[in-house]
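**Student:** Let me give you the structure first, and then I'll get to my questions.
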Amino acid sequence: MSAILELRDVTRRFGDKTVLDKVSITIAQGSFTALLGASGCGKSTSLRIMAGLDRPTSGEVLLGGSDVSGLSAYERNVAMVFQSYALYPHLTVAQNIALPLTMRHLSALGRVPFLGSLVPGAAEARRTILSKVGEAAESLGLAELLDRKPGQLSGGQKQRVALGRALVRDPALFLLDEPLSNLDARLRIRMRSEISALHRRTGKAFVYVTHDQTEAMAMADQIVVMIGGDVAQAGAPRELYERPANRDVAAFIGHNAINFLEPGDGIDVDGAIVGLRPEDLAPAATGALTGRLESAEYLGSEIVLSLRSAKGTEIRAIAPADFDVPAPGSEVRLGYAPHKLHLFDAATGVRRRTTP
Amino acid sequence: MRLSIERRQALTDLWLVGPATLALFLFIFLPVAIVAVLSFTDYQFGAASFNWSGLDNYIKLFSSSIGRRAVTNTLIYVAIVIPFSVGFGLLVAAGLHQMSNWAPRLSNVLKTVYFLPVAATLVAMSVAWQMVLHPSLGIVNQTLFSMGLPTPNWLSDRGLVLYTLSMIGIWQSVGYNMVLFLAGLAAIPSELYDAAEVDGAGSGWSRFWTVTWPMLGPTTLFVMVVTATNAFRVFETVATMTKGGPAFASDTLVYALYREGFVYFKAGYASAITMVFFAFLLALALIQFRFVEKRVHYR
Amino acid sequence: MNHPIRSRVLPLVLLLTGAAVILLPFVWMLSLAFKPRDEIFTTTIEFLPSQIEWSNFTFALTETDIPLFLWNGLVMVTGILFFQILFAVPCAYALAQRRFAGRGLLFGLVVAALLVPFHVTAIPIFLGFAQIGILNTMWALILPFIQTAFGIFLFRQFFAQLPADLFDAARVDGMSETAIVWRIAFPLALPAATAFAIFSVTAHWNDLFWPLIATTDPNLATPPRGILYFRDQESGDNVGPLMAAAVIVTAPLVIAFLLAQRKFIQGIAAGGLKG
């Protein structure tokens, strides 16, 4: 698959603060890429540079193979969906969705109310716009709401209008900046599948900024983990989960926070830091690792055990729901499959090539 | 040729802020610089040239009896207007705030009445005041006469005219200060009054002294500065009713600057008066800036 | 609440007395405007006219230039407001929502300009206008006020509260910055614009200082200037029509104030806060 968008060695400084440091990201045609990271890691700046709302201090931005650093956001023909929805409060839903089209199809004169209808071609353009807006609204279930103002909509509806505004102009690329973070948990999950469906339907590349690794894992086919203005690792969700490139990525990816065991905690492999996910660690009569039980959380489908190694490191393990939890303070033996261990260099935090 | 995006952005910024910035320079900063320079010259409007005269204009302003008159009259005017306008403004606001609990309609009507002079055209109202205070036909003197009291010449008695103007200045600004105080009062949390009541400060006066007054402290200072700023600019009433007379008894800084500059065309001298006036207002602004965060929120 | 009589009646009486004093010139002005001539020139106290006499108003509206003065005032305040908005809104938008070299400096200049009362700039502006020969024109009345540091300041504070995303969205949608200013930013700023308009119109409709300086042609007189022309011509013996003229000049703003009190108080209070 060819690349639709590429950042090459992009650096962005604000004053003497470096927000992006020689970042290179490749977005494949038709892919769904998540830029994942904690706040302040540079993911939103990367997105704004892709959009043309911000420009790199150095480095290149390629869109469809050609350098677009001289083009404005509009000239790049990218669509963007914002965290705050950024709907125009004084325009109706229909006008909000239509705005990118009116800017494109109607001349300045044609946009003037009443007078505009006298401009040749304006009526034709208006009809086209109207039908496109109708189509977009229909596909997002907004047909009933076209005459409302954004202030009268719920959060989910606003988000759909924002998507409609992006959809209607048939962009080369969709850029989404934490689009779901202002929604409540249930709606978030529903909108997640709607956005995925939209991605399949349009077949266009989506770049999706989020700090929520679950969202990234659920939707993306490529995840770019950004830490401190650098790309820490880019790859498929499974690759990131199974072979995190360093400690930081390992800590970031995964529903349960990964355990890091130092030499002396019970698993010693050439002085490496051992990463072991709680879901790969369960009570076993013959387990190699022992810990003193501190507390247990019963979650219905499973039980999360918090233990402490002899050295004092906290260890979390997941037991099946029918596990008979011993009294706090008891010794518990834990078992794991050797190929589930992740080994990181104690000094650099980088993943070691060989696993025992 | 297409301009680079940086160049286009810079041109956009220039297009957005350029006209306003140019206007600021043309109509504020450049004139301020010119007036400052002119104040050290003997320039007259229409003259072909001018001579540097050093501090002569300032010396003339502070040593001639007419010049001193304008300065002291302005200070007296401000000194009378501040306490009365702010005091009445506070009392009216406190009264209306209280009244809004048991007679909200009447309270609103009275608020409108008190604010009326702020919105009304001051020159027209000055003409009306002239008739109210007319020595023989005015309602005030007619009433005083019928009660057998002396009927002063409010606007042509040298000893009285400045106080008459001050009174009209107070009349004009009470409503404005009332609005600022009402905003300050609305911002006082009602729990404080409950707490005061629990602590035994139940009556109107003790509530005022334990809660209202201390909470309004910053507002009051701010209102005083605003009142002073406006009082220093007194011009319309003077120009309409007294033209600074009789015998300069009601001359003020702004009226003097108008008369010297635009009636006698002494641009240099008028510039010096302008600079003195400006210095007073800058001093007030300095006070205001120290308390700028305390700005009241009006509703 | 222990002494409802004392805590209510006394303040009520004082407030009503104060209100009566405030209203005195208004009532007297109306009373004289509606009084026939012989009732004005009497030394007996007649607070209200014995009958409503419209002839004073007819005289003021037909025999004098009052309608012209009102028209001049309207043209002047409209012109001033138009240019103020035209200049201030784009500048305020850029100050609030764009990054450019010298932005902090420009904002500093705006705040500094707030400190300069118009009176301070009158002499040089008069000189300049005399040089280019536009004294005694409508432009002389309008031009000095097209700059409005206060307007820039007010709109900037408003725009700074709007989310930056909104303007980024408009950029992505293909709007030019000029289009963003007038199609997005300005419509959203209408509440601020209303307050500003009320402040600006009131201040300039009522202003006497600059019209007195910049124009000597009675045909260019604004309402306050015109009233003085009228009064000085009649030298005091045509009080009824003079009071009618005063009523007519004051009426537009007072009626507007009575109709939209909240907005008026907000606008004028906001204007006064500029110090």
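The values are calculated or read from the model by the stated rules, or taken from the named source; none is laboratory data. Computed from a prediction, not measured in an experiment: that's the story for all the values here. Please note: Cβ atoms are built from the backbone with ideal geometry, for glycine as well, and neighbour counts cover all protein chains shown. Protein only, heavy atoms only, side chains kept; ligands, DNA and RNA dropped before computing areas. Shrake-Rupley method; radii C 1.70, N 1.55, O 1.52, S 1.80 Å.
**Student:** Which of the lysines could a cross-linker span from residue B:266 if the Cα-Cα distance has to be under 22 Å and same-chain partners fewer than 8 positions apart are dropped?
**Tutor:** Cross-link targets: B:60, B:243.
**Student:** Give the lysines reachable from residue A:132 as a straight Cα distance under 23 Å; neighbours fewer than 8 places away on the same chain don't count.
**Tutor:** Straight-distance partners of residue A:132: A:149, A:158, A:204.
**Student:** Continuing with this model, one more query. Take the alpha-carbon centre of segment A:32-71, take the same for segment C:96-128, and report the distance between them in whole Å.
**Tutor:** 38 Å
**Student:** Let me ask something else. Determine the equivalent ellipsoid of segment B:140-277 by diagonalising the alpha-carbon gyration tensor, then write out the semi-axes as square roots of 5 times the eigenvalues, largest first, rounded to whole Å.
**Tutor:** 41, 24, 9
**Student:** Order A:144, A:331 by their accessible area, 1.4 angstrom probe, all chains in place, largest first.
**Tutor:** Ranking A:144, A:331 by accessible area, largest first, yields A:144, A:331.
**Student:** Taking 8 Å as the Cα distance limit and 6 or more residues as the minimum spacing, I'd like the relative contact order of segment A:256-344 as a percentage.
**Tutor:** 35 percent
**Student:** For chain B, what is the mean residue ellipticity at 222 nm derived from helices alone (per DSSP H run of n ≥ 4: -39500 (n - 2.57); sum divided by total residues; nearest 500 deg cm²/dmol)?
**Tutor:** Helix contribution divided over all residues of chain B: -22000 deg cm²/dmol.
**Student:** Something else: Roughly how many debye, to the nearest 20, is the charge dipole of segment A:3-244 about its Cα centre, given +1 on each Lys and Arg Cβ, -1 on each Asp and Glu Cβ, and no other charges?
**Tutor:** Roughly 540 debye for segment A:3-244.
**Student:** Same structure again: Largest first and to the nearest Å, give the Cα extent of segment C:132-202 along each principal axis.
**Tutor:** Extents along the principal axes, in whole Å: 48, 24, 16.
**Student:** Which of A:103, A:26, A:191 sits closest to the plus end of the dipole of segment A:3-244, meaning its Cα is farthest towards the positive end, when Lys and Arg get +1 and Asp and Glu get -1 on the C-beta?
**Tutor:** About the Cα centre, the residue reaching furthest to the positive side is A:103.
**Student:** Still on this structure: Once ligands and nucleic acids are excluded and a 1.4 Å probe is used, how much of residue A:43 is accessible, expressed in Å² to the nearest 10?
**Tutor:** Its accessible surface works out to 10 Å², give or take rounding.
**Student:** Determine which lysines satisfy two conditions relative to residue A:17: a Cα distance under 22 Å, and not lying fewer than 8 residues away in the same chain.
**Tutor:** Here the lysines satisfying the reach criterion relative to residue A:17 are A:43.
**Student:** If you don't mind, there's one more thing I want to ask. Spin-label point model (7 Å from Cα, Cβ direction): what's the residue A:18 to residue A:200 distance in nm?
**Tutor:** Computed distance between label sites residue A:18 and residue A:200 equals 4.3 nm.
**Student:** Find, to one decimal place in angstroms, the Kirkwood hydrodynamic radius of segment C:4-53, where the mean of 1/r is taken over every pair of different Cα atoms and then inverted.
**Tutor:** 12.7 Å
**Student:** To the nearest 20 debye, what is the magnitude of the charge dipole of segment B:64-294 about its Cα centre, counting +1 on the Cβ of each Lys and Arg and -1 on the Cβ of each Asp and Glu?
**Tutor:** Computed about the Cα centre, the dipole is about 660 debye.
**Student:** First obtain the Kirkwood hydrodynamic radius of segment C:63-165 from its Cα pairs, then insert it into the Stokes-Einstein equation at 25 °C and 0.890 mPa s, and state the resulting D in µm² per second as a whole number.
**Tutor:** Here the translational diffusion coefficient equals 157 µm²/s.
**Student:** Tilt of helix C:190-206 relative to the longest C-alpha principal axis of chain C, in degrees (0 to 90, nearest 10)?
**Tutor:** 40 degrees
**Student:** Please give me the summed charge of the neighbours of residue B:266: other residues whose Cβ is under 12 Å from its Cβ, Lys and Arg +1, Asp and Glu -1.
**Tutor:** Net charge around residue B:266: -1.
**Student:** Across 10 Å bins from 0, what is the distribution of all Cα-Cα pair distances for segment B:102-165, in whole percents?
**Tutor:** The distribution over segment B:102-165 is 19, 34, 28, 16, 2, given as percents.
**Student:** Would segment B:64-294 count as rounded, prolate or oblate if I go by the C-alpha gyration tensor, calling it rounded below 1.5 in a/c and otherwise prolate when a/b exceeds b/c, oblate otherwise?
**Tutor:** oblate
**Student:** What are the semi-axes of the equivalent ellipsoid of segment A:256-344, taken as the square roots of 5 times the eigenvalues of the Cα gyration tensor, listed largest first and rounded to whole Å?
**Tutor:** Output for segment A:256-344: semi-axes of 21, 14, 11 Å.
**Student:** Once Rh is set to the Kirkwood radius over Cα pairs, what Stokes-Einstein translational diffusion coefficient, in µm²/s, holds for the protein assembly as shown at a temperature of 25 °C and a viscosity of 0.890 mPa s?
**Tutor:** The Stokes-Einstein estimate is 73 µm²/s.
**Student:** Under 5 Å between amide hydrogens, which residues at least 5 positions from residue A:19 or on another chain qualify, with H placed 1.01 Å from N in the peptide plane?
**Tutor:** Distant-sequence amide H within range of residue A:19: A:12, A:13, A:14.
**Student:** Also: What number do you get for segment C:1-100 when its Cα radius of gyration is normalised by 2.2 N^0.38 Å, N = residues?
**Tutor:** 1.94
**Student:** Can I ask one more? In segment C:110-214, which chymotrypsin sites (Phe, Trp or Tyr not before Pro) fall in coil by DSSP and have 15 or fewer other Cβ atoms within 10 Å?
**Tutor:** none
**Student:** Just how far, in whole angstrom, is segment B:204-269 from segment C:152-200 if you go by their alpha carbon centroids?
**Tutor:** Their Cα centres are 36 Å away from one another.
**Student:** Among B:282, B:221, B:270, pick out the residue whose Cα is farthest towards the positive end of the charge dipole of segment B:168-299, where Lys and Arg carry +1 and Asp and Glu carry -1 on C-beta, about the Cα centre.
**Tutor:** B:270
**Student:** Let me ask something else about it. To the nearest 10 degrees, how steep is helix A:185-202 against the longest Cα principal axis of chain A, on a 0 to 90 scale?
**Tutor:** 60 degrees
**Student:** Whole-Hz Karplus ³J(HN,Hα) for segment B:128-139, in order, using 6.51 cos²θ - 1.76 cosθ + 1.60 and θ = phi - 60°, x for Gly and Pro?
**Tutor:** 5, 4, 4, 6, 4, 9, 4, x, 10, 8, x, 5
**Student:** At 222 nm, what value in deg cm²/dmol follows for chain C if DSSP H runs of at least 4 each add -39500 (n - 2.57) and the sum is divided by all its residues, to the nearest 500?
**Tutor:** -23000 deg cm²/dmol
**Student:** For chain C, what is the convex hull volume of the alpha-carbon atoms per residue, in Å³?
**Tutor:** Hull volume normalised by residue count: 205 Å³.
**Student:** Rounded to the nearest 20 Debye, what is the dipole magnitude of segment A:256-344 about its Cα centre when Lys and Arg each give +1 and Asp and Glu each give -1 at the C-beta?
**Tutor:** Value, rounded to 20: 100 debye.
**Student:** Moving on. If you find the alpha carbon centre of segment A:247-274 and of segment A:138-204, how far apart are they in angstrom?
**Tutor:** 39 Å
**Student:** Taking the dipole about the Cα centre of chain A, with the C-beta of Lys and Arg at +1 and of Asp and Glu at -1, give me whichever of A:338, A:312, A:244 is farthest to the positive side.
**Tutor:** About the Cα centre, the residue reaching furthest to the positive side is A:244.
**Student:** How big is segment A:1-73 on each of its three principal axes, counting only the C-alpha atoms and giving the largest first in Å?
**Tutor:** Its Cα atoms span 37, 28, 19 Å along the three principal axes.
**Student:** Follow-up question, since we're still on this one. Please compute one quarter of the surface area of the Cα convex hull for chain A and express it in square nanometres.
**Tutor:** Projected over every direction and averaged, the Cα hull of chain A covers 22.4 nm².
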